[in-house]
Amino acid sequence: MSYLLLIVFGMLGALSRYFLECLIHPDPLPLATLLINILGCFFITFFAQSSRFFRNLSPQWRGAISTGFIGSFTTLSAFLLEVIHFIQGGNVLIAAVYFALTVSSGLLACWLGDRVSNTLFHLKEEAK
């Protein structure tokens, strides 16, 4: 059952990434990849920090959501390939800006995911 969940959630994550890539046009920066990775950073941190509140969620479901959906949604390899393409095309400054923007916004999204999770679930604990 866990492999089936992982496969289904992996397909959903990949399809979600593809859908966003079709909606967002990559000029001059690959904005789709940037947005996808920022969202992935937020959601993986939010989910990891919130998982203690989802005690009824089995390890199989946790893996399907984190590794399956979020893991197949985000794309480090596409990001780094885009950086290499910028460098090979002589656009070193754009490569550096894109790299720094992705890393810094990813860290910010992780921090925000942590803060949102703590705020939401802290309020939930207080309501009990």
Evaluate the following for THR74: is it closer than 19 Å to SER117 by Cβ, among the β-branched types (Val, Ile, Thr) and under 10 Å from the mean Cα position of the chain (by Cα)? yes
If PHE42 meets every condition in (1) among the aromatic types (Phe, Trp, Tyr); (2) surrounded by 15 or more Cβ atoms within 10 Å (Cβ to Cβ); (3) at pLDDT below 95 apart from one, which number is that one? (3)
Suppose we filter segment 2-37 for residues that are over 17 Å from PHE79 (Cα atoms), modelled with pLDDT of 90 or more and of a type in the set (Gly, Ala, Ser); how many remain? 1
A careful count of residues in segment 1-40 that are within 16 Å of GLN60 (Cβ to Cβ) and among the β-branched types (Val, Ile, Thr) gives 2
Can you tell me which residue in segment 1-26 is surrounded by the fewest Cβ atoms within 10 Å (Cβ to Cβ), limited to those that are free of Cβ contacts under 8 Å to residues at least 12 places away in the same chain and under 16 Å from LEU39 (Cα atoms)? LEU23
Residue pairs within 9 Å by beta carbon, gap of at least six or interchain, first lying in segment 38-63 and within 27 Å of ALA78 (Cα to Cα), second modelled with pLDDT under 90 and in a helix (DSSP H, G or I), listed first then second, are PHE46/LEU120; PHE47/ARG62; GLN49/ASN118; GLN49/PHE121; TRP61/SER2; ARG62/SER51; GLY63/SER2
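Against the definition (more than 22 Å from THR102 (Cα to Cα) and modelled with pLDDT of 90 or more), how does ILE65 come out, yes or no? Can you show your working first?
Values: more than 22 Å from THR102 (Cα to Cα): yes; modelled with pLDDT of 90 or more: yes.
Against the criterion (more than 22 Å from THR102 (Cα to Cα) and modelled with pLDDT of 90 or more), ILE65 qualifies.
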Any pair with Cβ under 7 angstrom, 6 or more apart, that starts in segment 82-111 at a residue that is farther than 21 Å from GLU21 by Cα and ends at one that is loosely packed, with under 13 Cβ neighbours inside 10 Å and among the polar types (S, T, N, Q): none
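The values are calculated or read from the model by the stated rules, or taken from the named source; none is laboratory data. As the structure is a prediction and not an experimental result, all values here were calculated from the model. Backbone-built Cβ (ideal geometry, glycine too); neighbour counts: all protein chains shown.
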